[in-house]
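Below is one structure; the comments refer to it alone.
Computed from the coordinates by the stated procedures, all read-outs in this text should not be read as laboratory data. What you see is a predicted model; the values in this text were computed from it and never measured. Positions of Cβ are backbone-derived with ideal geometry, glycine not excepted, and every protein chain shown enters the neighbour counts.
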Amino acid sequence: MNRKIIHVDMDAFYASIEQRDNPDYRGKPVAVGYGEKRGVVAAASYEARRYGIHSAMPSVTALRKCPHLIFVMPRFDHYRQVSSQIMQIFLEYTDKVEPLSLDEAFLDVTVNHKGNRSATLIAKEIKQKILNRTRLTASAGVSYNKFLAKIASDYKKPNGLFVIEPAEAEAFVEKLPVNKFFGVGRVTAARMEELGIKTGADLKKWSEVDLVREFGKAGITYYHFARGVDDREVESERVRKSLGAEETFFDDLSEMVDLLAALDQLAAEVQRRAEKKKFLARTLTLKIKYADFTVITRSRTVEHYIRTYSQLFDLGKELLLQVDDLQEQKVRLMGLTLKNADAEGSMLPAEGIQLSLDFKD
């Protein structure tokens, strides 16, 4: 029996909440984020997107594209409250709910609380309930696995509903550009294009062995995705795999004393969050973003759990000193992330000081 999977994705979630709550913002380009120097767009309304504005774009760039852009400071606690309302709607239909972030989730409705055999009708009901209770719109994708359901939810945004039936799945995937594949980022998509892989049909021509040679373990996933195959279950209880913090500096840092001061604050914040979440890990990763936006990372796994501020700071300092060209470039951003060495590869994002939520909406 084919599974019945729904992927629900809220439309411009953070920005839509701000437009809902403030009538003056409706119909206007709105960005959630800090609009001054060093600010970043966390979310953009659809009116703003018409100007080419998107999540994670520097605020100064966004303002150049749209000088009348309205910046609104994020209200993450409020977004969590609205998200909780939406998750409660999902649970009315099934206990198999896997949130990916505040604004999207997978639902397995193969067997559901309503006894409804049509996943499409369930998706329609869910969309209508979200609108009735929150005055926000959502897009939904329906198919027999997570990969296809997620693609489908993005197919007719905003306020869309799209279904990919089993009989049409392979033909649909063959026409799909590889940069639309779940899990294929910009770097991987660029590499695929270099290899002549532009669509699912191109990807399907490659053997599993050759894809693994080019892309490592991910090649196995790409091989199956090209054939519309995805056996992953909807996981209702997800184990946190990483926890961290990062900071974009108001002015670029170049002196080691300033970098160590920033590391001190990050270590204290990560320790506080780890203690609050009772999170234990053996791997620490240092992230550095230079002024030219180049990003490097350094990681180390130790034999014991990293529990204290001193352990975090000392290990972070050791990683910082491993960065060879630190004296030659200015640093724009620094981050520290604890990872569970026993469960690498999580899709959960690390928490951050500024970019503390998933910016996909």
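Normalised radius of gyration for the stretch 168-225, please: alpha carbon Rg relative to 2.2 N^0.38 Å, two decimal places.
0.99
Find the relative contact order for the chain and round it to a whole percent, using C-alpha pairs within less than 8 Å whose residues are 6+ positions apart.
16
Report the full-extension gain for the segment residue 76 to residue 26: residue separation times 0.36 nm, less the Cα-Cα distance, to one decimal in nm.
Working it through step by step, the gained length comes to 16.0 nm.
What do the square roots of 5 times the Cα gyration tensor eigenvalues come to for the stretch 251-294, in whole Å, largest first, as semi-axes of the equivalent ellipsoid?
Result for the stretch 251-294: semi-axes of 25, 13, 8 Å.
Take every Cα pair under 8 Å in the stretch 1-145 that's 6+ residues apart, average their separations, divide by the length, and report that relative contact order as a whole percent.
Computed value for the stretch 1-145: 33 percent relative contact order.
Amide H of residue 94 versus every other amide H placed in the peptide plane: which residues, excluding those fewer than 5 positions away on the same chain, fall under 5 Å?
Residues meeting the criterion, in which the H sits 1.01 Å from N, are 113.
R0 = 45 Å: FRET efficiency of residue 310 with residue 168, Cβ-based, nearest 0.05?
The computed FRET efficiency comes out at 0.20.
List, in order, the whole-Hz ³J(HN,Hα) value for each residue of the stretch 70-75 obtained from phi through the Karplus relation with A = 6.51, B = -1.76, C = 1.60 and θ = phi - 60°; use x for Gly and Pro.
These are the phi-based 3J(HN,Hα) values: 9, 8, 10, 5, x, 10 Hz.
Once both labels are modelled 7 Å past Cα along the beta-carbon direction, what's the residue 159-residue 318 spacing in nm?
Label at residue 159, label at residue 318, 5.6 nm between them.
Can you classify the stretch 96-138 as rounded, prolate or oblate using the Cα gyration tensor, where a ≥ b ≥ c are the square roots of its eigenvalues, rounded means a/c under 1.5, and otherwise it's prolate if a/b beats b/c and oblate if not?
In terms of gyration-tensor shape, oblate.
How big, in percent, is the set of alpha carbon pairs in the stretch 1-145 lying more than 28 Å apart?
Here the long-distance tail beyond 28 Å is 28 percent of all Cα pairs in the stretch 1-145.
Taking only DSSP H segments of four or more residues, each worth -39500 (n - 2.57), what value at 222 nm results for the chain once the sum is divided by all its residues, to the nearest 500 deg cm²/dmol?
-11000 deg cm²/dmol
Take the alpha-carbon positions of the chain, form their convex hull, and give its projected area averaged over all directions (one quarter of the hull surface) in nm².
That works out to 19.5 nm², a quarter of the Cα hull's surface.
From the backbone phi of the stretch 171-185, what are the Karplus-calculated ³J(HN,Hα) couplings (6.51 cos²θ - 1.76 cosθ + 1.60, θ = phi - 60°) in whole Hz, Gly and Pro given as x?
Working through the residues one at a time gives 5, 5, 5, 4, 8, 6, x, 5, 6, 8, 5, 4, x, 9, x Hz.
Counting C-alpha atoms alone, how compact is the stretch 169-313: give Rg to one decimal and Dmax as a whole number, in angstrom.
20.5, 58
Please arrange 298, 80 by counting, for each residue, the other beta carbons lying within 10 Å of its beta carbon, fewest first.
Final ranking by Cβ density, sparse to dense: 80, 298.
Suppose we take every Cα in the stretch 242-339 and form the convex hull; what volume per residue is that in Å³?
83
Which residues' amide hydrogens lie under 5 Å from the amide hydrogen of residue 105, considering only partners 5 or more residues apart or on another chain, with H built in the peptide plane?
Amide H to amide H, under 5 Å and 5 or more residues apart or across chains, residue 105 pairs with 8, 100.
Tell me the GluC sites (Glu not before Pro) within the stretch 1-74 that lie in a loop according to DSSP and have at most 15 other beta-carbon atoms within 10 Å.
36
Out of 295, 178, 142, any idea which swings most in a Gaussian network model of the chain, alpha carbons joined below 10 Å?
Top of the fluctuation ranking is 295.
If packing is taken as the average count of other Cβ atoms within 10 Å, what order do 310-316, 329-335, 191-197 fall into, highest mean first?
Output ranking for 310-316, 329-335, 191-197: 329-335, 310-316, 191-197.
Classify the stretch 131-216: rounded, prolate or oblate, from the alpha-carbon gyration tensor (a ≥ b ≥ c, eigenvalue square roots; a/c under 1.5 rounded; otherwise prolate if a/b is larger than b/c)?
prolate
Short version: ³J(HN,Hα) in whole Hz for each residue of the stretch 281-286, in order, from phi by Karplus 6.51 cos²θ - 1.76 cosθ + 1.60 (θ = phi - 60°), x for Gly and Pro, what are they?
Taking θ as phi minus 60°, the curve returns 8, 10, 10, 10, 10, 9 Hz for the stretch 281-286.
Toward the positive end of the charge dipole of the chain, about the Cα centre and with charges on Cβ (Lys, Arg +1; Asp, Glu -1), which of 259, 62, 139 goes farthest?
Positive-most Cα among the choices belongs to 139.
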